[in-house]
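One structure is given below, encoded as structure tokens.
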């Protein structure tokens, strides 16, 4: 059995197929377990104030990197429903039977996939700035042209998407600047206030290149492979009404399809509501 080490960010687990799965632990080892599924881009790095709040809330926070991010090896041909198998293998090794999940932005479909595939283990989920299946009419209303363009490229030509992302994000600083340049004023203020933390986070995003981000965009733009109305897990959804990355129509749709959902609309806030409401989100889960 793996011994948890919540002070170390650079941990990995060897999966049954030989791949490495990168993760980090924060908070208190005896606390209630909450998994964090980062966005696209994102990584296992949690901002310092979020790590402190996790400990204050009595949470054992485990931030897991999807294939192609940070310390996690790529998984060619992966699907969203492959992810619950990786998660179950890691938590089995850690001796964790039940857990809650926070899925942020590009990590939200993977939280839903785990709730669908691991219903006896997932106690609650929080979806923050959630995505919705892109083929649903109306869910992209209000999305920014830059984000819409990336999803269109993911559908039409994944190799061209990889080349585009590599050009946009040759370094973590360039990635942070590109994210800030295309953001709304509200989100830009959040990124500017947390500039150093975002650069550290994106250093891990790009540890082995852009494959993790590219594959997330490709998978999100296709059929997710599981029915949303088959999920019974208690779900809390958080969306900013000024979010142009994952506009409110997406959260509205997901909430309407889940059997046990609670939607919180945050007036005039943008995509990065995670950072201002982190402690409140944790407390609703534990």
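The values are calculated or read from the model by the stated rules, or taken from the named source; none is laboratory data. What you are looking at is a predicted structure, and each value in this text was computed from that prediction instead of being measured. Glycine gets a Cβ as well: all are built from the backbone with ideal geometry, and neighbour counts include every protein chain shown.
Given the options 8, 56, name the one that is surrounded by fewer than 18 Cβ atoms within 10 Å (Cβ to Cβ) and at pLDDT below 95.
8
Report yes if residue 268 is assigned to a helix (DSSP H, G or I) and touching a residue at least 12 places away in the same chain (Cβ under 8 Å), otherwise no.
Against the criterion (assigned to a helix (DSSP H, G or I) and touching a residue at least 12 places away in the same chain (Cβ under 8 Å)), residue 268 does not qualify.
Please find, within segment 251-272, the residue that is nearest to residue 127 (Cα to Cα) out of those that are in contact with a helix residue (DSSP H, G or I) (Cβ under 9 Å, 6 or more places away or on another chain) and crowded, with 22+ Cβ neighbours inside 10 Å.
254
Mind telling me which of the residues 42, 18, 22 ends up being part of a loop (DSSP other than H, G, I, E, B) and within 17 Å of the chain's Cα centre (by Cα)?
42
Residues 190, 213: which one is buried (at least 18 other Cβ atoms within 10 Å of the Cβ), part of a helix (DSSP H, G or I), over 17 Å from the mean Cα position of the chain (by Cα) and in contact (Cβ under 8 Å) with a residue 40 or more places away in the chain?
Exactly one residue qualifies, and that residue is 190.
In segment 59-72, how many residues are out of contact with any helix residue (DSSP H, G or I) (no Cβ under 7 Å at 6 or more places or on another chain) and either part of a strand (DSSP E or B) or surrounded by fewer than 17 Cβ atoms within 10 Å (Cβ to Cβ) (or both)?
Residues flagged as out of contact with any helix residue (DSSP H, G or I) (no Cβ under 7 Å at 6 or more places or on another chain) and either part of a strand (DSSP E or B) or surrounded by fewer than 17 Cβ atoms within 10 Å (Cβ to Cβ) (or both) within segment 59-72 amount to 3.
Which one of these is in contact (Cβ under 8 Å) with a residue 60 or more places away in the chain, part of a loop (DSSP other than H, G, I, E, B) and surrounded by fewer than 21 Cβ atoms within 10 Å (Cβ to Cβ): 138, 120?
The conditions single out 138.
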